[in-house]
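A short worksheet on the structure shown next.
The values are calculated or read from the model by the stated rules, or taken from the named source; none is laboratory data. This structure is a prediction, so every number in the text was calculated from the model and none was measured. Virtual Cβ from ideal backbone geometry, glycine too; neighbours counted across all protein chains shown.
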Amino acid sequence: MTRSDPSYRYPLVLRVLHWLRAALILGLLALGVTMTLLPDAAPAKFATLYPLHKQFGVLVLLVALVQLGLRARTALPAPPAGLKPWERHLSHAVHRAMLVLAVVVPLMGYAMSASYAQSDGVPFFGVMLPELLPKNDHAFEVFRLLHKALAFTLAGLVALHVAGVVKHRLFDKANDVLPRML
């Protein structure tokens, strides 16, 4: 399979969803860090930033679920033939972990918000999502810890993913993987 072969690239819908998910996740990571560093007295913290974070978190969950559904039904391009076995295994593991975390991190955020006794709920662009968990501040603390730890894990995997793309783009041009997603 060569770069000129159409099966070298991912299907257009998966490429669009990839970049949408990437932008959303990077924005949410930045927003999450920013809003948690703000003092509680900052007017925008709870009135604007938390609701935005929740809404876009739900959007990441939906995009990831659509992406997973499409990936399961779509023939994906094979990895570049020149990848070393360890690169192929690491790439596969990182991609799977990022997709799993794109589902689990928002679910932990939802669980955190739904279980918090003082929560205003989980908004999604004009609609309040049902809170399916009982109010329980102990459970909230567990979900908060999981949400934070898994979000930072996702950030680390994103950094590893980007480093791999840069490595292949700049130093291993025969296995340049970036055009597959452009």
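Of the residues making up the range 145-153, at least one is surrounded by 14 or more Cβ atoms within 10 Å (Cβ to Cβ), touching a residue at least 40 places away in the same chain (Cβ under 8 Å) and more than 14 Å from His53 (Cβ to Cβ).
For residues that are closer than 19 Å to Leu99 by Cβ and in a helix (DSSP H, G or I), tally how many sit in the range 5-31. It would help to see each step written out before you state the result.
Applying the first criterion (closer than 19 Å to Leu99 by Cβ) to the range 5-31 yields 9-29.
Narrowing further to those that are in a helix (DSSP H, G or I): 12-29.
So the count comes out to 18.
Within the range 20-33, residues that are among the charged types (D, E, K, R) reach partners that are modelled with pLDDT of 95 or more with beta carbons closer than 8 Å, at six or more positions or on different chains, in the pairs Arg21/Val60; Arg21/Val63; Arg21/Ala64; Arg21/Gln67; Arg21/Ala102. Residue pairs whose Cβ atoms lie under 6 Å apart, sitting 6 or more positions apart in sequence or on different chains, and linking a residue in the range 159-182 that is farther than 16 Å from Pro79 by Cα to a partner that is in a helix (DSSP H, G or I), are Leu160/Val94.
When the range 60-89 is examined, which residues are found to be among the basic types (Lys, Arg) and either part of a helix (DSSP H, G or I) or buried (at least 18 other Cβ atoms within 10 Å of the Cβ) (or both)? Explain how you work it out, then say what you get.
Pass one, the range 60-89, residues among the basic types (Lys, Arg): 71, 73, 84, 88.
Arg71, Arg73, Arg88 - these are the residues of the range 60-89 that are among the basic types (Lys, Arg) and either part of a helix (DSSP H, G or I) or buried (at least 18 other Cβ atoms within 10 Å of the Cβ) (or both).
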